[in-house]
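Everything on this sheet refers to the single structure shown next.
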Amino acid sequence: MEIRIARALTILLLAPLASRAQTAPIPVKAIVIAMFERGEDTGDTPGEYQFWVERKHLDRVFPSAGYHSLRMNKDGVLGLLTGVGTAKAAASVMALGLDPRFDLSKAYWLVAGIGGGDPADVSLGSAVWVEHVIDGDLAYEIDARDIPKNWTTGMVPLRKSSPYEKPRKSELEGEAYTLNLQLVDWAYRLTRDTPLPDSERMRTSRARFTGFPNALKPPFVTKGDTISASTFWHGTRMDEWANEWTRYYTEGRGNYMISAMEDTGTMQALTLLSNAGRVDLNRVLVLRTVSNFDREPPGSSPAESLSSLVTGSYSAYMPALEAAWSVGDKVIRYIVEHWNSCAIEIPK
């Protein structure tokens, strides 16, 4: 009796897997990755995900082993909400990448989220197409009160004994990812004239950044690099570290412009999935838009500036969400509308 019951349970458990294996996987043209949502997917105060769900009509819902259920529309666009932080991002992207229900072999990936911008390079509400994703967590660190007088930071690269020690090691362990620069340049050229929302609140906020010409401009589209770290850092000295850390890991080629939290987790998962033949790493784009500056304005302190951010008072929160949507959707629409060619050849 026990043997028969065990066999019956085995059949019941394996039946859905067998049925799923017999069903042809759903071809996906593009995946939009958002990192956080403030409430429901639709109908309330939006996070990074809501505009995509509502405006791209991502109405078909799929349960997922990741952080959040997946959503898809009839045009082959899939929405993924990863959750906040590199760990959730890596786990959620990996769960999708290994999901047998979907054919991701030709899919394009677009990370579309907000972040803190460097006022030396960008203004509030600006959009940055990312060329290099740099990890801000993988490092040695000593307390700032204990650093030698000739050090500018307590952050030290792995396998090194001082900040920015040369030569940079040739075999990295996830500290830096370079995207397909031809695809990034194509996306930038396609979207660089996209009108971006501005507001009186943004104009008032950026006017405090005297001595930063780019910060004083209306929002614009550009190309640059991001530091991804699960620690939400802030302040002038941290901004200086981010710029130097980026130059170090790109060997002088990169320019840090915007901070983020999840992108190295996403890139690590996609890299491993690419190694397994599940995705095409050359079809990945990262777009970050500026909801706030990453440092205090002149005449203020990092603590004062951070306190306003802790309460969620981002001076360009909604405009940054709109910028991520309007700039990112221009790329998604092109891919869907030109799928016959984009499926075969990556735009450049």
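Percent of Cα-Cα pairs per 5 Å bin, from 0 to the last occupied bin, for the stretch 138-183, please list those.
Taking all Cα pairs of the stretch 138-183, the binned fractions are 5, 19, 25, 19, 13, 10, 5, 3, 1 percent.
Calculate, for the stretch 91-207, the solvent-accessible area per residue in square angstrom, rolling a 1.4 angstrom probe over the heavy atoms of the protein chains.
Here the per-residue accessible area is 45 Å².
Pop out the Kirkwood hydrodynamic radius of the chain from its pairwise C-alpha distances, inverse of mean 1/r, in Å to one decimal.
Radius from the Kirkwood sum: 21.2 Å.
Divide by every residue of the chain the summed helix terms, -39500 (n - 2.57) for each DSSP H run of at least 4, and state the resulting mean residue ellipticity at 222 nm, rounded to the nearest 500 deg cm²/dmol.
For the chain, the value works out to -10500 deg cm²/dmol.
Looking only at Cα atoms, what is the convex hull volume of the stretch 237-291 per residue, in Å³?
Roughly 102 Å³ of hull volume per residue.
Using a 1.4 Å probe on the protein heavy atoms, what percent of the accessible area of the chain belongs to carbon and sulfur?
Solvent-exposed carbon and sulfur of the chain make up 54 percent of the total.
Can you give the Rg to Rh ratio for the stretch 35-159, taking only C-alpha atoms and Rh from Kirkwood? Show your work: numbers first, answer last.
Working: Rg = 18.7 Å, Rh = 17.5 Å.
Radius of gyration relative to Kirkwood radius: 1.07.
At 4 °C and 1.567 mPa s, grab the translational diffusion coefficient of the stretch 166-235 from Stokes-Einstein with a Kirkwood Rh over Cα pairs, rounded to a whole number in µm² per second.
82
Would you work out the Kirkwood radius for the stretch 81-220? I mean one over the mean of 1/r across all pairs of different Cα atoms, in Å.
For the stretch 81-220, the Kirkwood estimate is 18.9 Å.
For the stretch 223-317, report the % of Cα-Cα distances exceeding 17 Å.
The calculated P(r) of the stretch 223-317 puts 59 percent of pairs beyond 17 Å.
The values are calculated or read from the model by the stated rules, or taken from the named source; none is laboratory data. In this text, all values refer to a predicted model and were calculated from it rather than measured experimentally. Only protein heavy atoms, including side chains, enter the accessible area calculation; ligands, DNA and RNA are left aside. Shrake-Rupley method; radii C 1.70, N 1.55, O 1.52, S 1.80 Å.
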